[in-house]
Amino acid sequence: MSDTHYMQMALDLAAQAQGQTNPNPMVGAVLVKEGRVIGFGAHLKAGEPHAEVHAFRMAGEQAEGATLYVTLEPCSHHGRTPPCADLVVSSRVKRVVVAMQDPNPLVAGRGIQRIREAGIAVEVGVLEEQAIQLNERFLHNIRTQRPFVVVKTAMTLDGKIAAHTGDSRWITGPSARTAVHKVRDEVDGILVGIGTVLADDPELTTRLPDGGGKNPTRIILDSSLRIPETTKVLDTTVAPTWIVTGPEHDEAKATRLRERGVRVLSLADRSVLHLLEELYKQGITHLLVEGGATVNGAFLEAGLIDKVMAFIAPKLVGGATAPTPFGGTGFAKMSEALQLRDLSITVYGNDVCIMGYPDLG
Ligand SMILES: Nc1c(/N=C/[C@@H](O)[C@H](O)[C@H](O)COP(=O)(O)O)[nH]c(=O)[nH]c1=O
Ligand SMILES: [Zn+2]
């Protein structure tokens, strides 16, 4: 079989751990000898063995003379596990095929160099585009030291996220909402504004049809700590909850919330950029922003959206004052609008999801 066949297998293996490996990338590895797969593996959790380690353990002595397919350059630095590049060299494989070089400036190219210096042939770039796409969150983290921000909106065909009364249940149907919960399962944090909490009293937990799924940290932007103490998100037995507030807030209320296990972060700098830098420091590498309009508008105007998932339901609710997905001031000219690129359009029951990336070109 071709190199792309085995690299596809390695990419598919890597993708099984979507959302589990944060802050590490997803990586898959396959060992092949005389046309037979003799070992494979995926990195499953930060701190646990890397994909190559699993593959070599499975292959044992047979690895000598085999070909290794790996979706990311084998690491050359001593992280929480010894360098895979050393393992590759000592296993005496004949050839290594790598989808993409590690973008981490600390290691970029060193792993490949060490393997080549040992006289092993290394080919780089097989299914590189797919490998980059798979680790879009990790690559963004490395490049920006910020969380990868996905803004998800759900609106009616006439562009409303709720009726003029605030009622919003439901706009999209069950399969669209399941798609959203799959994203919740992958991310580290889900962020909404206090307006959404006051309007919907959301749980912001992951509820997949077959159960399971991990609950992301729930992050509420609430600058004057208005949150009612009876809201569902304050039940920290189901998932962690962080409230981001401003310096002027009721300290007694903050203390009561902390006693319930809620983390209260007080940020003097209210910019979206500072918020993201702080959340990244707190371990949030992948962030789902579920609005409402004010929060989405702030992220849009700050230019800090990395991916958009816009769900549209074929229903009309009308209402000149009914809220739309992005509030704030907005751009003055259509030519200033944030253009999305690399679009994918998916149908979920009667609903449509347009997914794309800001075209910052
Ligand atoms: N109204 C809708 C949404 N509404 C999105 C937010 O306004 C809700 O408060 C939040 O998703 C509720 O979270 P929960 O309590 O955990 O279910 N989002 C959607 O995709 N479709 C909708 O029809
Ligand atoms: Zn490694």
* To do: Could you calculate the contour length gain from HIS5 to ARG226, that is, 0.36 nm times the residue separation minus the distance between their Cα atoms, to one decimal place in nm?
  => 74.1 nm
* With Cα atoms, 0 to 90° folded angle of helix 3-15 axis to the chain main axis -> 40 degrees
* Please report the Cα spread of the chain along all three principal axes, rounded to whole Å, starting with the longest. => 69, 45, 41
* To do: Indicate the gyration tensor shape class of the range 160-312 (rounded, prolate or oblate), computed on the Cα atoms with a ≥ b ≥ c the square roots of the eigenvalues: a/c under 1.5 is rounded; otherwise a/b larger than b/c is prolate and the rest oblate.
  => rounded
* To do: Would you mind putting 306-316, 213-223 in packing order, based on average other-beta-carbon counts within 10 Å, highest first?
  => 213-223, 306-316
* Among THR230, LEU276, ILE220, pick out the residue whose Cα is farthest towards the positive end of the charge dipole of the range 175-306, where Lys and Arg carry +1 and Asp and Glu carry -1 on C-beta, about the Cα centre. => THR230
* What FRET efficiency would be calculated for the residue pair ARG80, HIS164, taking the C-beta separation as r and a Förster radius of 56 Å, to the nearest 0.05? -> 0.60
* Mind giving me the nanometre distance, one decimal, between the label points for GLU48 and ALA332, set 7 Å out from Cα along Cα→Cβ? => 5.4 nm
* Structure fact -> For the range 92-100, Karplus-derived ³J(HN,Hα) couplings (6.51, -1.76, 1.60; θ = phi - 60°; whole Hz; x for glycine and proline) come out as 6, 5, 8, 8, 10, 10, 10, 6, 8
* Asked: Is it possible to state the helix-based mean residue ellipticity at 222 nm for the chain, with each DSSP H run of 4+ residues giving -39500 (n - 2.57), the sum divided by total residues, to the nearest 500 deg cm²/dmol? What is it?
  -> -8000 deg cm²/dmol
* Asked: Hey, can you rank 79-89, 324-334, 172-182 by average C-beta count inside 10 Å, highest first?
  -> 79-89, 172-182, 324-334
* **the range 126-166 - charge dipole about Cα centre, Lys and Arg +1 at Cβ, Asp and Glu -1, debye rounded to 20** => 240 debye
* To do: Relative to the longest principal axis of the C-alpha atoms of the chain, give the angle of the C-alpha long axis of helix 272-281, reported between 0 and 90° and rounded to the nearest 10°.
  => 50 degrees
* Structure fact -> So for R0 = 22 Å, FRET eff. of SER344-ILE132 from the Cβ-Cβ r, to 0.05, ends up at 0.90
* On Cα atoms only, tilt of 293-302 relative to the major axis of the chain in degrees -> 50 degrees
* To do: Would you calculate the separation in nanometres between label points at GLU117 and THR236, each defined as 7 Å from the Cα along the Cα-to-beta-carbon direction?
  => 4.8 nm
* What order, most packed first, do the peptides 29-41, 229-241, 63-75 have when packing is the mean number of other Cβ atoms within 10 Å of each residue? -> 63-75, 29-41, 229-241
* Asked: What shape does the range 301-361 have by the C-alpha gyration tensor, where a ≥ b ≥ c are the square roots of the eigenvalues, rounded means a/c under 1.5, and otherwise prolate means a/b greater than b/c and oblate the rest?
  -> oblate
* Asked: If you place +1 on the Cβ of every Lys and Arg and -1 on the Cβ of every Asp and Glu, how big does the dipole about the Cα centre of the chain come out, in debye to the nearest 20?
  -> 340 debye
* To do: Could you tally the net charge around GLY195, taking each other residue with its Cβ under 13 Å from the Cβ of GLY195, Lys/Arg +1 and Asp/Glu -1?
  => -3
* To do: Multiply the residue separation of HIS181 and ARG263 by 0.36 nm, subtract the distance between their alpha-carbon atoms, and state the gained length in nm to one decimal.
  => 27.2 nm
* Placing +1 at every Lys and Arg Cβ and -1 at every Asp and Glu Cβ, with all other atoms neutral, what dipole size does the range 40-110 have around its Cα centre, in debye to the nearest 20? -> 20 debye
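No lab work stands behind these numbers, since they all come straight from the coordinates. Computed from a prediction, not measured in an experiment: that's the story for all the values here. All Cβ positions, even for glycine, are placed from backbone atoms using ideal geometry, and neighbour counts span all protein chains on display.
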